[in-house]
Amino acid sequence: MIASGIRYLTVACAAMLPFGNVLAQSTPDCGRGVSEVFLDAGNARARLANNGTLFLGGTQNPGYTIPWQPQHSVVGPELFVSVGLWFGGMVDGELAMNRGTYLSGDFRPGILDENGEPPADCNAFDRIYRISRDDVEEYDRSGSATADLRDWPAHLGAPVIDGDGQPDNYSLSGGDRPDMSGDQMAWWVMQDRGSPHPDVVPHPGLEVRSSAFAFDEYGDIGNTTFYRFNLSYRGESPITDAHFGLYADVDLGYALDDYIGSDSARGLAYFYNADNLDEEDGYGVSPPAMGLDFLRAPGSTSTNSISSIIEYRGLCASPLNCDLREESEWEYSYGMMLGQWPSYLGDICVGGNGRSDSDVPCEGTTRFIYSGDPVGGSGWSEVNVDGKGATNEPGDRRLVISTGPFDMNPGDTKEVVVAVIWARGANNLDSVTEIKKASVAVQRAFDADFEQPVRMPAPSLAAVDSSDVLVLDWSPIVNGSDIEAMEIFSPSAAGPDSTYSFEGYDVFQFASAAFDTASATRIATYDIDNGIGTVVDYRSNLLSYVSATGSDTGVRHRHVVEGLNPYTEYYFGVQPYAHNGDTDAGRILRGEMATIAVVPTGIDETFSLEDVGIVPNPYKGASDYEVVTEANLVRFTGMAERATVRVFTLSGALVTTMQKDSPERYFEWDLTNEYGRKIGSGVYLVQIDVPGVGSRVLKFGVVRRGGAAVLN
């Protein structure tokens, strides 16, 4: 609840707020931050600065690009996006505040000491530390650390996972690691008392430990950049009725054709194109929407509630260099965080442009500008300002989104987490639908602490040499659980249903024993016969790709590989995948890969010497294999593809030698010796040698007319 003296600030602000000289003091500048880095792990590239603003940094150059997929030759327009941190509240009955717009932020690098004093030289703290999970993995593998990983500023408050049992230090070699969010993270610290400030309003005494992070993912999470601000209050007296806000100027490509809207239930303020064509060097047809989404706010018991979204009304002749020197200008800024216009325009009213000077009558009051549905046309929005479909003139829009009120005692810390989200639909209004869906998905992922879904385990995989082919066999039963019966919940799924169900298996061949997926060739897919087949997914709303190539073959657990060279090592893998048709991106969730290295020998591993036989035995003048009686054929059964057959007399004389090199499991002999003459009645020894397996000796008898052979 807003205190009455604050609620009517805009009506009688001069009388209500006695701006005295107890706190208001001029402060020397300890050094403006000039350090900049880019956050670019996901589908966006964002410039970060150390002065209380985001994206413009120390220049007026565009600092936010989305989509950002240079590896796929997909790079969106460079957007002019500026976000500035605002914080203000009442200290001993007086307003204390800081604010940032464009190039003028009220923060300087560094920390405040126990007395709330800034460093004498803030330049010594002007560094933004950026690390990635790849950096950490590379150090774990090779011992080579990037400078930012090596110098991670735990002594300034950067989060650390303690690995050496000494919580007050940071030692990579001892096992300490940065406590990362996302796949890439930047961290910096800044404070408000090292910057010059007009005498009329003091700085509160705020230290902000800031981090930005992003995920190397597709879909809504990959399209989002995240910002965590830990606000540590170091003032001398408690601050009450405090509000935290973000000033935002977002030009979606071409700057003069935009609208804004708010969705308080989602904690979302958004920008969208007024028509379906973004001119100049913008997005062209079907422009996207972009927004600021409060994921965690200290001013409410809800994790995503905000207190106001208001269109920014200029307080300076040039907002690019705004130096507020009048008390009323600071009062107006604080009032905007309360959801109030400057006093001469009154409260936000519902209808028209929300101001008392509107040409369209408006009724009632609100703290959320244009909170209706521009897609369906219901409620108050820029496409329906009068309830009859009248629209606003598009233009360059700016807004302030805030949370509060909340109180802080000296030493207290509050956390604010904000997402900058982006979505693109089939047209400009469909992009509004998409950004609201993205807001839900991002909030859900945040609430789940970005927990990654449990992946389906790798199936049990074996390889069997079978004559001239290799047979890959796998089982879906792993540790007593059936992969194919699993349903996987993913908190970041971009849709109403967050559950993935088993769909099929991909079979891969790899180039080397590294089993690098970049070198993998998919050689087969066996998927459920359910009409899903090939699945088209999205890296961004501009870049589609095939994430699964099924053909409704039906699920199988065996694949035959042909054309392999004997005694050459080959590498294969089998990976299960699951499908969610209700999500807009990330429709396929892949399981763990089962891998195997195989050296085929050309030997049928199902072959056994014990299975070799001679039919008929003894031969009595005829056999079932003979077309004519004179053929004298016997058959060796259960044979391997390659074998040497030698026939000896009982005295050890070699009768004949024969070679088998064919895939058939049998081999025929016409009972001739090495000179082509028929052998006589008697008992013979047959030695069968199979390379790589061994030998077996069989007794074989031949009975000619007038003679007999006895096999003992």
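The values are calculated or read from the model by the stated rules, or taken from the named source; none is laboratory data. Quick caveat, the model's predicted, so the values are computed rather than measured. Every residue, glycine as well, gets a Cβ built from its backbone with ideal geometry; the counts of neighbours run over all protein chains shown. Surface areas here come from the heavy atoms of the whole protein model, side chains and all, with no ligands, DNA or RNA. Shrake-Rupley method; radii C 1.70, N 1.55, O 1.52, S 1.80 Å.
What the table below lists for this structure:
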quantity: Of all residues making up the stretch 116-134, the number that are among the acidic types (Asp, Glu), in a loop (DSSP other than H, G, I, E, B) and open to solvent by 40 Å² or more (accessible area, probe 1.4 Å); calculated: 2
quantity: Flag for residue 664 being outside any strand (DSSP E or B), of a type outside the set (A, V, I, L, M) and modelled with pLDDT under 90; calculated: yes
quantity: Pick from the stretch 419-433, criterion among the β-branched types (Val, Ile, Thr) and buried (at least 24 other Cβ atoms within 10 Å of the Cβ), ranking: farthest from residue 77 (Cα to Cα); calculated: 432
quantity: Residue tally, condition more than 12 Å from residue 401 (Cα to Cα), part of a strand (DSSP E or B) and of a type outside the set (Asp, Glu), over the stretch 236-259; calculated: 5
quantity: Residues of the stretch 177-205 classified as part of a strand (DSSP E or B), in contact (Cβ under 8 Å) with a residue 60 or more places away in the chain and open to solvent by less than 10 Å² (accessible area, probe 1.4 Å), total; calculated: 5
quantity: Enumeration of residues in the stretch 135-176 that are crowded, with 17+ Cβ neighbours inside 10 Å, touching a Leu at 6+ places or on another chain (Cβ under 9 Å) and closer than 30 Å to residue 118 by Cα; calculated: 149, 152, 172
quantity: Residue 691, sole failed condition from (1) modelled with pLDDT under 90; (2) open to solvent by less than 60 Å² (accessible area, probe 1.4 Å); calculated: (2)
quantity: When residues of the stretch 479-512 are limited to those that are modelled with pLDDT under 90 and of a type in the set (Val, Ile, Thr), the one surrounded by the most Cβ atoms within 10 Å (Cβ to Cβ); calculated: 488
quantity: Candidates 404, 379, 395, filtered to the one that is more than 21 Å from residue 99 (Cα to Cα) and in contact with a Gly (Cβ under 8 Å, 6 or more places away or on another chain); calculated: 379
quantity: Total residues in the stretch 289-316, condition modelled with pLDDT of 80 or more and of a type outside the set (A, V, I, L, M); calculated: 9
quantity: Residue list for the stretch 556-583, filter: of a type outside the set (Ser, Thr, Tyr), within 30 Å of residue 532 (Cα to Cα) and open to solvent by less than 50 Å² (accessible area, probe 1.4 Å); calculated: 559, 561, 572, 573, 574, 575, 576, 578, 579, 580
quantity: Any hit, the stretch 206-219, residues being open to solvent by less than 10 Å² (accessible area, probe 1.4 Å) and assigned to a loop (DSSP other than H, G, I, E, B); calculated: no
quantity: Members of the stretch 348-387 that are of a type in the set (D, E, K, R) and surrounded by fewer than 21 Cβ atoms within 10 Å (Cβ to Cβ); calculated: 355, 357, 359, 363, 367, 373, 386
quantity: Complete set of residues in the stretch 260-294 that are among the hydrophobic types (A, V, I, L, M, F, W, C) and assigned to a strand (DSSP E or B); calculated: 260, 268, 269, 271, 277, 285, 289, 290, 292, 294
